[in-house]
Amino acid sequence: MSATDTPAADQSTARPTPPRADRDQDAARLPDPGETVATRYLDAAAGLLARVRAEEAGPGGSVEQAGRLLADTIAAGGRVFAFGAGHSSLAAQDLVYRAGGLALVNLLAVPGAVGVDVRPATLGSALERVEGLATAVLDASPARAGDVLVVISLSGRNALPVEMACHARALGLKVIGVTSVVYASETGARNPSGTFLKDHCDVVLDNKIPVGDAVLALDGIAAPFAPASTVVTSALLQATTASAAAVLAARGIEPPLLRSGNVDGGTEWNAGVFDQYGDRIFYQD
């Protein structure tokens with residue numbers, strides 16, 4: 001996932017990038033003059049969310065399965081970790097210490113691969129292809145058998161997320177993978193196993209993002225633009241944690257949820273959660 005600056009253009013000519021091979025044909029179609037680049041991007045994102053809702057979030061779907069897995073782990077005294085490299089880390093971080101979110105989600109950070117805070121920024125991309133790094137990080141982490149690891153990777157093709165999922169399962173963790181499954185059919189694996197993240201998960205959440213991430217094309221701009229993976233992936237994961245909270249409540253277990261520190265009583269509420277679950281929360285150390 002990467003960001004690209006684009007030049008200013010006539011906003012009435014942008015169009016969502018179709019996810020399949022009919023993109024060239026679509027480029028010749030006239031846009032609706034009543035729409036703008038902004039509305040077309042929002043329509044594209046909303047369309048992806050609608051697909052996720054229909055194909056992943058219904059009864060018995062992958063979101064429900066993942067939510068149940070989280071609830072089972074929490075009820076059994078396990079811990080929850082989330083990992084993503086580069087921009088995929090944004091969705092992982094959105095689960096951690098989040099108002100309205102599960103307090104037990106801990107960020108599993110790989111030095112140099114969390115966000116774009118390294119220089120040069122391309123170093124983070126290079127680290128995703130380093131063999132052995134995921135194993136070293138997991139072995140040094142507090143994660144143990146019986147825990148859950150959420151691994152987020154849009155392409156799911158590089159060594160770091162694939163090895164992370166493989167080694168986590170070897171250690172006895174359950175793995176929830178968040179990825180775009182279409183990458184497995186439209187790109188090649190970029191790791192020694194020749195496999196993708198989706199091949200090493202107990203539950204796979206497919207965010208439906210087209211290869212390349214960008215969802216808009218515009219006459220006069222050579223590259224597709226406007227990535228949607230952060231929006232869709234974050235929503236998909238929040239739907240999953242919401243499902244977990246509902247499952248716990250249905251079992252008579254109070255979900256370990258955080259409240260906003262900016263509302264009255266929120267800080268005190270959170271302090272109580274930290275006291276009760278401190279042995280499973282590692283971002284307080």
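How big is the antiparallel share of DSSP beta bridges in the chain, given as a percent to the nearest 5?
Close to 20 percent.
Within the chain, what whole-number % of the accessible surface is contributed by carbon and sulfur, with the 1.4 Å probe and all protein chains included in the calculation?
The C+S portion of the solvent-accessible surface of the chain is 54 percent.
Under the rule of -39500 (n - 2.57) per DSSP H run of 4 or more residues, summed and divided by the residues of the chain, what mean residue ellipticity at 222 nm is obtained, to the nearest 500 deg cm²/dmol?
Using -39500 (n - 2.57) per qualifying helix, the result is -11500 deg cm²/dmol.
In nm, give the distance between the simple-model label positions of Ala140 and Ala170, each being 7 Å from the Cα along the Cα-to-Cβ direction.
Spacing of the two 7 Å Cα→Cβ label points: 1.8 nm.
Could you state the accessible area per residue of the stretch 210-282 in Å², with a 1.4 Å probe and every protein chain left in place?
47
Could you give the length gained on full extension between Arg251 and Thr36, defined as 0.36 nm per residue of separation minus the Cα-Cα distance, in nm?
That pair, Arg251 and Thr36, stretches by 72.7 nm at full extension.
Based on the Cα coordinates of the stretch 176-270, what is the per residue volume of their convex hull in Å³?
Value for the stretch 176-270: 169 Å³ per residue.
Quick check for you: with a 1.4 Å probe and neighbouring chains kept, what is the accessible area per residue of the stretch 39-171, in Å²?
Computed with neighbouring chains in place, this is 40 Å² per residue.
Could you calculate the contour length gain from Ser185 to Glu55, that is, 0.36 nm times the residue separation minus the distance between their Cα atoms, to one decimal place in nm?
Working it through step by step, the gained length comes to 45.0 nm.
Suppose the chain between Asp285 and Asp117 were pulled fully straight at 0.36 nm per residue; how much longer would it get relative to their current alpha carbon spacing?
The Asp285-Asp117 span can extend by a further 58.3 nm.
Each label point is 7 Å from the Cα along the Cα-to-Cβ direction; what then is the distance between the points at Val263 and Ala76, in nm?
It is 3.2 nm.
Report the rotationally averaged projected area of the chain based on its alpha-carbon convex hull, in square nanometres.
Result: a mean projected hull area of 16.7 nm².
Could you size up the charge dipole of the stretch 196-285 around its Cα centre, putting +1 on the beta carbon of Lys and Arg and -1 on that of Asp and Glu, and report it in debye to the nearest 20?
Rounded to the nearest 20 debye, it is 220 debye.
The values are calculated or read from the model by the stated rules, or taken from the named source; none is laboratory data. Owing to the predicted nature of the structure, the values given are computational and were not obtained by experimental measurement. Note that we place each Cβ from the backbone using ideal geometry, even for glycine, and neighbour counts take in every protein chain shown. SASA here: full protein model, heavy atoms, side chains in, ligands and nucleic acids out. Shrake-Rupley method; radii C 1.70, N 1.55, O 1.52, S 1.80 Å.
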